[in-house]
1. First compute the accessible area of the chain with a 1.4 Å probe, then give the percent of it belonging to carbon and sulfur atoms.
2. For the chain, which semi-axes, largest first and in whole Å, follow from the square roots of 5 times the eigenvalues of its Cα gyration tensor?
3. Can you give me the accessible area per residue for the stretch 61-144, using a 1.4 Å probe, in Å²?
4. Between their Cα atoms, which of K134/K158; K92/K156; K31/K126; K7/K31; K31/K156 are more than 22 Å away from each other?
5. For the stretch 78-141, what D do you get in µm² per second when you plug the Kirkwood radius from alpha-carbon pairs into Stokes-Einstein at 20 °C and 1.002 mPa s?
6. Could you order peptides 9-20, 68-79 by the average number of other Cβ atoms within 10 Å of their residues, highest first?
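The values are calculated or read from the model by the stated rules, or taken from the named source; none is laboratory data. Here the structure is a predicted model, which is why all the values come from computation and not from measurement. FYI the Cβ positions are ideal-geometry reconstructions off the backbone, even for glycines, and counts take in every protein chain you see. Ligands, DNA and RNA are excluded from the accessible area calculation, which covers all protein heavy atoms including side chains. Shrake-Rupley method; radii C 1.70, N 1.55, O 1.52, S 1.80 Å.
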Amino acid sequence: MNYLNTKGRIFDIQRYSVHDGPGIRTIVFLKGCVLRCRWCCNPESQEYKIQTMKVLGEDRPYYWRSGGGLTLSGGESLCQPEFARDLLHAAKEHGLNTALESMACAPFETIETILPYLDLYLMDIKHTNPAKHKEFTGRPNDLMMENARKVALSGKCKLIIRVPVIPTFNDSVEEIQA
């Protein structure tokens, strides 16, 4: 039960989401990101500063009826790997379906600790070209691409790779084909 004492940083909780995993879900947005994407839709997630929030309510009936559950997002969920792992562990212990939205930009050994508590990995691959990826996000993509392969081969959870289509960054025919 020590995992229930893990603390982390959250910048938002979005209830009644239907786009980030099966059924009706609650998305918990974790603070912190190692990338600095020029088009970031959650720039407030990049700050690590701790802030206080309180959320009331119980969504379990929605999860059970729709096959939904909990999705962790961010920022980058893997910036707080222990908190992500333990939050997913607690959700699984309560019978919830779990999903993680992440770019897989952490050592695979870190990702492996989370996989036992994960039903669905929604992995963002922003670009296949390492140089262009680094130019627009601040980091190369080799670790992320390798982790995508390793998660797929692990067979421990369902993997869905998502590519956000960003004009002038990855929307040419060649880039889409890659």
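1. With neighbouring chains kept in place, the figure for the chain is 54 percent.
2. Each semi-axis is the square root of five times an eigenvalue, giving 27, 18, 16 Å.
3. It amounts to 39 Å² per residue over the stretch 61-144.
4. K134/K158; K31/K156
5. D, rounded to a whole number, is 167 µm²/s.
6. Taking the mean over residues of other Cβ atoms within 10 Å, the ranking is 68-79, 9-20.
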